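The block underneath contains the structure these notes are about, expressed in structure tokens.
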Amino acid sequence: MNRKLTGDNIFKILSGVIAASAAVILLLNADVLITGSVPVLQKFGASFLTGNNWNPVVGRESFGVLPYVLGTLITSGIALLIGVPLSLGIAIFLVEMSPKVVKVPLSYLVELLAAVPSVIYGLWGLFVLRFWITDYIEIPLSKYLGWIPIFSGAPFGLDFFTAGVILSIMIIPTVASVSREVISAVPDSVREAAYGIGATKWEVIRHWVLSYGRSGIFGAVILGLGRAVGETMAVTMVIGNAVGPIAMPITLFQPGQTLPSLIANGFLEAPNPLEKSAYVGAGLVLLVISLLINIVAHVMVTRVLKVKGGAVE
Amino acid sequence: MSSWSWLNKFRQWFNGYRVRKFKNRLFFVLCLLCVVIAIVPLLSILFEVIARGTPEVNLHFLIANGLQGGIGPAIQGTLILIGLTSLIGIPLGVLSGVYLAEFGNNKYASWMRTTNDILTEFPSIVVGITAYSIIVVNITGKPSPLAGAIALSFMLVPIVARTTEESMKLVPNSVREASMALGARRWRSIISVVLPSAKGGLITGTLLAVARVAGETAPILLTILGNSYFFQGFNQPIDALPLRIFLDSRMPQPELQAQAWGAALILILIVLSLNIAVRLISRGRLKR
């Protein structure tokens, strides 16, 4: 290889160095979060993960992120429960069923959902969706199914459930567009073989298309989970923002908190270093969760797309 | 024995042609319903923002400062943040993308690609913490547009890198070969031939990325603080539309909540019009 400083080599090296900027950003983030959370982890150790207190009073400090980790998992779980079937239905409709005329405008509308800023989802959730959910879902549920522990409590709309519903809307564009690509990557010969033995469209999709694209769809779901876990503003605006032991999730219809909303609410106002460090620690926990999710999703999606011969590239 | 034959009969009926056909129909309707359910929130959001925001918007609302009930500082702040972020993020992103597309056939590049993917799905609030700890604590001393722009460009770089790579890969190799056959160096042909050929996709993707970042709130929540006055310097707190919406929505005063809807209308107009325009243009280009 020519090692001389020709224009080509300079250009290659320069752009190669800049291509590392993503890695630098990632390392910067990791570095800041790890060094920032050292004080709180040193003081509380494992009880930072398992405790449910959040007491910033100097001299009596005690910080535990368990309620917020659970809150994050619960809201993301609701988001997946509602959002994934919807997204799959959309993806299937757009690939397999819709007439050509409506395909483009419909997929375009679904993609517009991704363009709406999250703070506007939050505003809408706070002043519109919240009341729909209280009146038409939560009150009937708690009235008739209130004996089931997760539906007990006095619903007023700013709670885990509303946050989960908002998240489910926000993950639809991600999950739908990735599963759409996966479904279109299923070769037509598979469909033709299935139709050839007399299957109906529903049977073709259920037994052949979906099982062929299984791991890709799984990857899409995990990507959606990653979005739901990291989403901040919309959740902060509708989840009710309880802090401390009362944020420990007991029912779906109670105010709570997720890791991102905890940070968004308290980080700037935290006056003393140990409390700031506690928020940074919460950020570290969030980062670890979301990195794990993303790596799993990445492996799943790239694997399936490689199997399909790079149909999406 | 008789009960079993009953079950068999039921099975036969259930797997029969008519029921299968009905299931098929039902499935179609369910999928259609999914699409409708997903579009309802979008329409409702647009309707509410327009219905509640329009009465607020007038010239005074757009240019007056916060104390006089306007969102001028927020609009100005958003424009400043977009400008600064683009200034930092676009060159880094485009050059990363160029490397990944043109020299990206090695292990290093594939690692960087993975890093980009991970960074794209990064929790945005974490980026805010990082920018706060680096810029606000060490450099400006208080929340500032500089910190906000750094936080936002952390989100912009990976998206721009990705779209650059993708649009450059669409340029056929014959174009590169033609340019080099004319005697151009590789770097020269990348800059003067390949990049201009990829221009359409590149501009589209970058504008979409900027539109997305312009609506981000979490990273700037921790880094710019908000301000009722117009721009006061790169090391002073600044306002921005998404932040103004968030702060106003938490206030008990109805006039501030109304202001939030007005600001939401302006923000959604900026973001959606950018989106729609870009897509219309790019579709026209593809058809040609």
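Is it the case that B:Ala149 is assigned to a helix (DSSP H, G or I) and farther than 29 Å from B:Thr130 by Cα?
Details: assigned to a helix (DSSP H, G or I): yes; farther than 29 Å from B:Thr130 by Cα: no.
No.
Tell me which residues, restricted to segment B:225-243, are within 21 Å of A:Gly266 (Cβ to Cβ) and modelled with pLDDT of 90 or more.
Hits for segment B:225-243 are B:Pro237, B:Ala240, B:Pro242, B:Leu243.
Please work out which one of (1) among the aliphatic types (A, V, I, L, M); (2) closer than 19 Å to A:Leu292 by Cβ; (3) modelled with pLDDT under 95 is the condition A:Ala79 fails and give its number.
(3)
Before we move on, is B:Tyr99 of a type in the set (Ser, Thr, Tyr) and crowded, with 23+ Cβ neighbours inside 10 Å? Spell out how you get there, then give the answer.
Numbers: of a type in the set (Ser, Thr, Tyr): yes; crowded, with 23+ Cβ neighbours inside 10 Å: yes.
Here the answer is yes, as B:Tyr99 does meet what is asked.
Go through (1) closer than 26 Å to A:Ile169 by Cα; (2) at the interface with another protein chain (Cβ under 9 Å from one of its Cβ atoms) for B:Lys21 and report which single condition fails.
(1)
Looking only at segment B:177-208, how many residues end up being small (Gly, Ala, Ser), part of a helix (DSSP H, G or I) and free of Cβ contacts under 8 Å to residues at least 60 places away in the same chain?
Residues of segment B:177-208 that are small (Gly, Ala, Ser), as a first pass: B:178-179, B:181, B:183-184, B:189, B:192, B:197-198, B:200-201, B:205.
Cutting the leftovers down to part of a helix (DSSP H, G or I) gives us B:178-179, B:181, B:189, B:192, B:197, B:200-201, B:205.
Of the ones still in play, those that are also free of Cβ contacts under 8 Å to residues at least 60 places away in the same chain are B:178-179, B:181, B:189, B:192, B:197, B:205.
Residues meeting the conditions: 7.
Filter segment B:215-258 for residues that are crowded, with 24+ Cβ neighbours inside 10 Å, outside any helix (DSSP H, G or I) and more than 9 Å from chain A (Cβ to nearest Cβ) and give the result.
Correct list: B:Thr223, B:Ile224, B:Ile238, B:Asp239, B:Ala240.
Hey, B:Trp261 hits all of (1) of a type outside the set (Lys, Arg); (2) more than 10 Å from every other protein chain (Cβ to nearest Cβ); (3) crowded, with 22+ Cβ neighbours inside 10 Å but one; which does it fall short on?
Result: B:Trp261 fails condition (2) only.
Just one of A:Val95, A:Val110 is under 16 Å from A:Ser177 (Cβ atoms), modelled with pLDDT of 90 or more and surrounded by 15 or more Cβ atoms within 10 Å (Cβ to Cβ); which is it? Talk me through it step by step, then tell me what you get.
On the way: A:Val110 fails: modelled with pLDDT of 90 or more.
Criteria check complete, one pass: A:Val95.
So, in segment A:243-265, of the ones that are surrounded by fewer than 24 Cβ atoms within 10 Å (Cβ to Cβ) and free of Cβ contacts under 8 Å to residues at least 40 places away in the same chain, which residue ends up farthest from B:Ile245 (Cα to Cα)?
If we take residues in segment A:243-265 being surrounded by fewer than 24 Cβ atoms within 10 Å (Cβ to Cβ) and free of Cβ contacts under 8 Å to residues at least 40 places away in the same chain, then A:Ile246 is farthest from B:Ile245 (Cα to Cα).
Restricting attention to segment B:103-110, does a residue exist that is under 24 Å from the mean Cα position of the chain (by Cα) and buried (at least 17 other Cβ atoms within 10 Å of the Cβ)?
No: segment B:103-110 contains no residue that is under 24 Å from the mean Cα position of the chain (by Cα) and buried (at least 17 other Cβ atoms within 10 Å of the Cβ).
Out of the residues in segment A:300-313 that are more than 10 Å from chain B (Cβ to nearest Cβ) and in a helix (DSSP H, G or I), which is modelled with the highest pLDDT? Write out each step before concluding.
Residues of segment A:300-313 that are more than 10 Å from chain B (Cβ to nearest Cβ), as a first pass: A:300, A:303-312.
With the extra rule that they be in a helix (DSSP H, G or I), the set shrinks to A:300, A:303-307.
On the way: A:Met300: 76, A:Arg303: 70, A:Val304: 64, A:Leu305: 61, A:Lys306: 61, A:Val307: 54.
Only one residue tops the list, namely A:Met300.
For segment A:267-290, how many residues meet the condition of being facing chain B (nearest Cβ under 7 Å) and surrounded by fewer than 21 Cβ atoms within 10 Å (Cβ to Cβ)? Working first, answer last.
Narrowing segment A:267-290 to residues facing chain B (nearest Cβ under 7 Å): A:267-268, A:280, A:283, A:286-287, A:290.
Keeping just the survivors that are surrounded by fewer than 21 Cβ atoms within 10 Å (Cβ to Cβ) gives A:268.
Number satisfying all stated conditions: 1.
Going through B:Ser153, B:Ser192, B:Ser174, B:Ser133 one at a time, which residue ends up being more than 21 Å from B:Arg113 (Cα to Cα), within 11 Å of chain A (Cβ to nearest Cβ) and among the polar types (S, T, N, Q)?
On the way: B:Ser153 fails: more than 21 Å from B:Arg113 (Cα to Cα); B:Ser192 fails: within 11 Å of chain A (Cβ to nearest Cβ); B:Ser174 fails: within 11 Å of chain A (Cβ to nearest Cβ).
When all the criteria are applied, what remains is B:Ser133.
Being of a type in the set (Val, Ile, Thr) and crowded, with 24+ Cβ neighbours inside 10 Å is the filter; apply it to segment A:113-132 and report the residue that is farthest from A:Gln254 (Cα to Cα). Steps first, please.
Pass one, segment A:113-132, residues of a type in the set (Val, Ile, Thr): A:116, A:119-120, A:128.
Now narrow it down to the ones that are crowded, with 24+ Cβ neighbours inside 10 Å: A:116, A:119-120.
Details: A:Val116: 27, A:Val119: 22, A:Ile120: 23 Å.
Only one residue tops the list, namely A:Val116.
When you check B:Leu26 against the structure, is it part of a helix (DSSP H, G or I), within 12 Å of another protein chain (Cβ to nearest Cβ) and within 30 Å of B:Leu269 (Cα to Cα), yes or no? Quick ask: steps written out before the conclusion?
On the way: part of a helix (DSSP H, G or I): yes; within 12 Å of another protein chain (Cβ to nearest Cβ): yes; within 30 Å of B:Leu269 (Cα to Cα): no.
Spelling it out, it is not the case that B:Leu26 is part of a helix (DSSP H, G or I), within 12 Å of another protein chain (Cβ to nearest Cβ) and within 30 Å of B:Leu269 (Cα to Cα).
Hey, which of the helices (runs of 4 or more DSSP H) in segment A:1-90, taking only ones fully inside, have at least 1 residues that are at the interface with another protein chain (Cβ under 9 Å from one of its Cβ atoms) and surrounded by 19 or more Cβ atoms within 10 Å (Cβ to Cβ)?
Output list reads A:7-19, A:21-44.
Where residues in segment B:75-96 are within 10 Å of chain A (Cβ to nearest Cβ) and more than 18 Å from the chain's Cα centre (by Cα), which of them is surrounded by the most Cβ atoms within 10 Å (Cβ to Cβ)?
Only one residue fits best here, namely B:Ser96.
Quick check on segment A:185-200. Is at least one of its residues surrounded by 20 or more Cβ atoms within 10 Å (Cβ to Cβ) and closer than 28 Å to A:Ala297 by Cα?
yes
Can you name the condition, by its number, that B:Ile266 falls short on among (1) assigned to a loop (DSSP other than H, G, I, E, B); (2) modelled with pLDDT of 90 or more?
With respect to (1) assigned to a loop (DSSP other than H, G, I, E, B); (2) modelled with pLDDT of 90 or more, B:Ile266 is out only on (1).
Is there a residue in segment B:38-56 that is more than 7 Å from every other protein chain (Cβ to nearest Cβ) and over 27 Å from A:Glu111 (Cα atoms)?
Yes, there is a match, as at least one residue in segment B:38-56 is more than 7 Å from every other protein chain (Cβ to nearest Cβ) and over 27 Å from A:Glu111 (Cα atoms).
Each row is one residue, and each column tells you yes or no for (1) charged (D, E, K, R); (2) modelled with pLDDT under 90.
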| position | (1), (2) |
| --- | --- |
| B:Gly97 | no, no |
| B:Ala101 | no, no |
| B:Gly104 | no, yes |
| B:Lys107 | yes, no |
| B:Ala131 | no, no |
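Looking at segment B:25-59, which of its residues are hydroxyl-bearing (Ser, Thr, Tyr) and either at positive phi or surrounded by 14 or more Cβ atoms within 10 Å (Cβ to Cβ) (or both)?
Step one: list which residues in segment B:25-59 are hydroxyl-bearing (Ser, Thr, Tyr), which gives B:44, B:54.
Listed by number, the list holds a single entry, B:Ser44.
Could you list, in sequence order, the residues of segment A:118-176 that are more than 30 Å from A:Met300 (Cα to Cα) and among the small types (Gly, Ala, Ser)?
Of everything in segment A:118-176, those that are more than 30 Å from A:Met300 (Cα to Cα) and among the small types (Gly, Ala, Ser) turn out to be A:Gly122, A:Gly125, A:Ser142, A:Gly146, A:Ser152, A:Gly153, A:Ala154, A:Gly157.
The values are calculated or read from the model by the stated rules, or taken from the named source; none is laboratory data. In this text, all values refer to a predicted model and were calculated from it rather than measured experimentally. Cβ sites come from the backbone with ideal geometry, for glycine too, and all protein chains shown count toward neighbours.
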